[in-house]
Amino acid sequence: MTRGDDHALEERLNYRFADKALLKRALTHSSLSGGDDNVRDLERLEFLGDRVLGLLTADELWRRYPEYEEGLLAPRLNSLVRKETCAKAAQFFGLHDHIRMSSWEEGAGGRKKKAILGDVMEALLGALFVDGGLDAARSVYEQYWTPNLEELSKFHRDSKTALQEWTQRHKLGTPDYDVLEADGPAHAPAFKISVKVKGHKTARGEGKSKRAAQMAAARAFLIREGVWNDDD
């Protein structure tokens with residue numbers, strides 16, 4: 001079942017499909033095929049679209065942050081291509097009103113499921129790529145991901161990554177972490193670690209692993225410098 005007009009969706013996307021069957025397929029959920037070989041669902045296009053999204057995102061990050069090393073680019077990319085981000089993009093374009101799905105899937109709230117919305121968004125990018133090449137997919141990518149890239153890439157960003165970004169942005173080099181103490185039994189270790197940044201006082205953190213203590217130290221540093229909120 002579908003509720004929307006594909007022509008209206010093309011208006012929203014600002015793109016006209018030369019092959020309308022590609023758009024229809026990108027919007028067809030597997031629940032509608034039900035094993036019927038005559039119904040072509042979105043799964044193959046989703047597979048392709050996932051790779052298209054990764055390429056567009058990697059290219060955007062590479063160009064926007066020329067000073068960032070791979071270690072800073074990777075977590076941003078992961079946030080930008082995750083299923084939840086794709087679901088938000090699907091909602092932005094109103095794809096939920098155009099998905100073709102079975103009555104029982106729709107009755108189960110399928111139009112609101114993040115997994116389904118994310119899959120459809122990826123399939124749409126795949127369909128755009130097949131129909132009009134990378135430029136067609138990029139034209140839609142630039143309507144949602146590009147203007148919101150900085151905000152979207154903050155999801156799941158940890159304090160250690162945030163500190164490294166901050167030091168690179170201010171040309172302060174790489175933060176230096178030192179183990180101050182490592183105590184406790186093997187089943188319950190405890191670490192105290194300090195972090196040093198050129199021209200700034202050290203900050204300390206504690207945790208049950210070295211990484212946890214490093215994260216705590218980085219968080220303490222960022223809070224002290226006023227670039228990290230307690231509720232981040």
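Read-outs throughout are calculated quantities, based only on the coordinates presented, and are distinct from any laboratory measurement. These numbers were taken from a predicted model, which means no experiment stands behind them. All Cβ positions, even for glycine, are placed from backbone atoms using ideal geometry, and neighbour counts span all protein chains on display.
Key figures for this structure:
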| quantity | calculated |
| --- | --- |
| Computed [θ] at 222 nm, deg cm²/dmol, the chain (DSSP H ≥ 4; -39,500 (n - 2.57); rounded to nearest 500) | -18500 deg cm²/dmol |
| Mean Cα-pair separation over length for the stretch 159-224, i.e. relative contact order, pairs under 8 Å, 6 or more apart, % | 29 percent |
| Charge dipole of the chain about the Cα centre (unit charges at C-beta), most positive-ward option of Leu55, Asn148, Phe17 | Asn148 |
| Principal axis dimensions, the stretch 123-226 - Cα atoms, whole angstrom, descending | 60, 37, 19 |
| Selected from Thr28, Ala162, Ala74, residue furthest toward positive end of dipole (the chain; charges at beta carbon) | Ala162 |
| Residue among His187, His29, His170 with the largest mean-square fluctuation in a Gaussian network model of the chain, springs linking Cα atoms under 10 Å | His187 |
| P(r) histogram, all alpha-carbon pairs of the chain included - 10 Å bins from 0, percent | 7, 27, 24, 17, 15, 9, 1 |
| Within the chain: Cβ-based charge dipole about Cα centre, in debye rounded to nearest 20 (Lys, Arg +1; Asp, Glu -1) | 700 debye |
| Environment charge at Ala190 (Cβ cut-off 14 Å; Lys +1, Arg +1, Asp -1, Glu -1) | +2 |
| Label-point separation in nm, His187 to Glu151, each point 7 Å along Cα→Cβ | 4.8 nm |
